[in-house]
Each structure stands twice: as C-alpha cells, then as structure tokens.
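Each remark here refers to the structure printed beneath this line.
The values are calculated or read from the model by the stated rules, or taken from the named source; none is laboratory data. None of these values were measured; they are calculated from a predicted model. Backbone-built Cβ (ideal geometry, glycine too); neighbour counts: all protein chains shown.
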Amino acid sequence: MNFAVLQFPASNCDQDAIHVLKNVLGHSARLVWHKDQSLGAVDGVIVPGGFSYGDYLRTGAIARFSPIMQAVQQFAANGGLVLGICNGFQILCEAGLLPGALIRNRSLQFRCENVFLKPGSSHTPFTRSIPEGALLRIPIAHGEGCFYADDATLDQIEREDRVLFRYVDAQGNRSEESNPNGSVRNIAGICNTARNVGGMMPHPERASEPILGMADGRWIFESILAELAERQKSRAA
Amino acid sequence: MKAKITVTPKKAVLDPQGKAVQNALEQMGYKGLRGVHVGKYLEIEVEGDRETVKAQLEEACRKLLSNPVIEDFHLVLE
C-alpha cells in the first residue's frame, strides 16, 4: 500500500509514521509537504502530530487552510482513509472532517506518559484488527488533548458506534483518574459518520515495535492495512 | 478603520485557564468573583466599505479567528 504522511512546519513523529509503515510493516510511505496541492496516488493519509504553525490561534487552526488540506478534504470525500494523530486529530477537527474540538488539558499541564486505551468500536478501519478485549498501551504527549463536543454530538457519536478509543485504567475501567486531560466521556479518538476519517490523541507510531518497549500501536496500522486490502480485493472482484 | 475582536470560550466549555486565574485572584484576597474566562483579543486594521468589511470579518471570525464549537466572538468596528 502507498501512504502519504503530511508534513507541516513543526510536525513531529512524521518520520516515525514513515518508519512504521515502511520498515516495520513493509509498505510504501512518503512525506508530502503542506504546500503541495496533490497527494499523488495514495491508499491512505496520515496527518501526524506536532505543533503545526506554532499552534498559533488554536491548535490546527491554521494548518487546516494549507494547500494540502484541500487535497485531503477531497480524498476523504471520496472515501479515502485518513488518520490524524495528536496534532493531526486537532487539524481534522478544525477542518470539520471530525466533530468536536481539542482544548487545553484540564490540568493545564503538558502530559507526556503512557496510557491505557480501550477500543470503543471494532467496526472501524482503525480498530478492526485489534484482538477482542485487548487494552492498548500507547503514549500521549500533548497540552491540548481535552476532547470536547456538545452532548447532542457526543450522543450521536456513541449511537453510531464511532468512538475509537477511551482512556481507561490498567483493568480497563473508565475513571476520572485514568483520564489524562479531561476529555468528555474519556474519549481518546473518534471517527466520522462515513467511518473513513479517524483521529486520536495518543501516538501509535511511537509504540509499534518491541524494541521501543511497546508494540500495541501496531494494531492500528494493521487495521488500516486490513481495511485497504479488503477494499482492494472487492475492487478486483 | 480598526476591527476589535474578542474571542471567549463558550460557557459550557471547560476553561481551566480561567479557573486557575480565578483561584489565584481568590488567594490574593479578591472577593465576590463569579467567574473568570480567558479569551483572545485581536485588532485588525482594514480599509473598505464598512458593511462589506463587517460581513467579511464576521465570516473570518467564524472560519478562522474563532472555532464555533468551543468559542464565541464579538466584533466591533471603529
């Protein structure tokens, strides 16, 4: 499969995403600069973490108007798979590709630690390969990761089974203590109604191989690859 | 003319910064504080027909300068 990993001024973990897709999983991935107009022929897009445009105004607010984001809007409208990680999640919310917004952590502190995630739905391209009942250990690193949406939006997200992950404790229980940033209903990631655009605050690309101490993030990339393989098969049939 | 724009968090949205400032003010001994909300203030110098400028800036406030999901804005043209 071919992946585009976007690169904005002050992106981070963009190279980590490339590394996982290429060296760990054996697929093809390349960086696409924010001023480019086109994604090229790709099967999936990763919008990486970082502090695009210095987080000026609001996180992701300026990045969403960059030329490449127009191409991402089009790609997503055509059903293309897009995953936003951390700042990428913030950008996709600002772009209106995902509902809600990410605001300052409840503690006002930048939180950089490993968290436990419980998959919300197994019926998404981002979670489909995760073994049933598994909890994922993945790091977070953000100051503005508190997911907010009004109750009507949250009810709709839950009704449509669109929660990708929730912050939980080591036993898998949802609690205030296991919520690192104050996100409503402990939500760490969601997808859109069409289920082809996903966003999450934790960083799976930092936890996708045993040498890094954690490999659970790999399930998310494996899920995307399984979805793309199925799409390819059904197109060929 | 000059546009003065204030952007504040919506009442329903958690405002930990406002809360932290309120706590500090209370620790300093200020009484009767009912709420502190920390927002942003922008000044934009702009030329053109007043009504057109106002309409354009309101659109800019909705699209970029504020996020309607979490913020309200107030625009004054001087």
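Values as computed for the structure displayed
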{"read-out": "Residues (of a type in the set (Lys, Arg) and either more than 21 Å from the chain's Cα centre (by Cα) or within 19 Å of residue A:202 (Cα to Cα) (or both)) located in segment A:145-176", "value": "A:162, A:166, A:174"}
{"read-out": "Boolean, residue A:205 is touching a Ser or Thr at 6+ places or on another chain (Cβ under 6 Å), closer than 19 Å to residue A:89 by Cβ, among the charged types (D, E, K, R) and modelled with pLDDT of 95 or more", "value": "no"}
{"read-out": "Filtered residues of segment A:191-237 (kept if part of a helix (DSSP H, G or I), within 17 Å of residue A:128 (Cβ to Cβ) and not hydrophobic (A, V, I, L, M, F, W, C))", "value": "A:204, A:218, A:222, A:223, A:227, A:230, A:231, A:232, A:233, A:234"}
{"read-out": "Residue within segment A:110-122 that is free of Cβ contacts under 8 Å to residues at least 40 places away in the same chain, away from chain B (no Cβ under 13 Å) and closer than 21 Å to residue A:163 by Cα present", "value": "yes"}
{"read-out": "Residue A:107 in contact with a helix residue (DSSP H, G or I) (Cβ under 6 Å, 6 or more places away or on another chain) and of a type in the set (Ser, Thr, Tyr)", "value": "no"}
{"read-out": "Count of segment B:23-43 residues which are part of a helix (DSSP H, G or I) and small (Gly, Ala, Ser)", "value": "1"}
{"read-out": "Residue check for residue A:46: in contact with a helix residue (DSSP H, G or I) (Cβ under 7 Å, 6 or more places away or on another chain), of a type in the set (A, V, I, L, M) and touching a residue at least 24 places away in the same chain (Cβ under 8 Å)", "value": "yes"}
{"read-out": "Some residue of segment A:131-153 being in a helix (DSSP H, G or I), among the aliphatic types (A, V, I, L, M) and surrounded by fewer than 23 Cβ atoms within 10 Å (Cβ to Cβ)", "value": "yes"}
{"read-out": "Residues (outside any helix (DSSP H, G or I) and either within 14 Å of chain A (Cβ to nearest Cβ) or under 21 Å from residue A:100 (Cα atoms) (or both)) located in segment B:44-75", "value": "B:44, B:66, B:67, B:68, B:69, B:70, B:71, B:72, B:73"}
{"read-out": "Restricting segment A:59-109 to residues that are away from chain B (no Cβ under 14 Å) and among the small types (Gly, Ala, Ser), the residue that is surrounded by the most Cβ atoms within 10 Å (Cβ to Cβ)", "value": "A:88"}
{"read-out": "Residue list for segment A:193-219, restricted to those being surrounded by fewer than 20 Cβ atoms within 10 Å (Cβ to Cβ) and touching a residue at least 24 places away in the same chain (Cβ under 8 Å)", "value": "A:193, A:194, A:195, A:209, A:214, A:216"}
{"read-out": "Selected residue [in a helix (DSSP H, G or I), of a type outside the set (Ser, Thr, Tyr) and over 28 Å from residue B:7 (Cα atoms)] from A:90, A:70, A:74", "value": "A:74"}
{"read-out": "Residue in segment A:12-21 that is part of a loop (DSSP other than H, G, I, E, B), hydrophobic (A, V, I, L, M, F, W, C), in contact with a Phe, Trp or Tyr (Cβ under 9 Å, 6 or more places away or on another chain) and in contact (Cβ under 8 Å) with a residue 40 or more places away in the chain present", "value": "no"}
{"read-out": "Count of residues meeting criterion [at the interface with chain A (Cβ under 9 Å from one of its Cβ atoms) and either touching a Leu at 6+ places or on another chain (Cβ under 6 Å) or part of a helix (DSSP H, G or I) (or both)] in segment B:6-18", "value": "2"}
{"read-out": "Residues of segment B:25-43 satisfying the condition of being surrounded by 11 or more Cβ atoms within 10 Å (Cβ to Cβ), within 14 Å of chain A (Cβ to nearest Cβ) and over 25 Å from residue A:149 (Cβ atoms)", "value": "B:42"}
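Yes or no, residue by residue, for (1) in contact with a Gly (Cβ under 8 Å, 6 or more places away or on another chain); (2) at positive phi; (3) hydrophobic (A, V, I, L, M, F, W, C):
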residue: A:79; (1), (2), (3): no, yes, no
residue: A:91; (1), (2), (3): yes, no, yes
residue: A:118; (1), (2), (3): yes, no, no
residue: A:135; (1), (2), (3): yes, no, yes
residue: A:143; (1), (2), (3): no, no, no
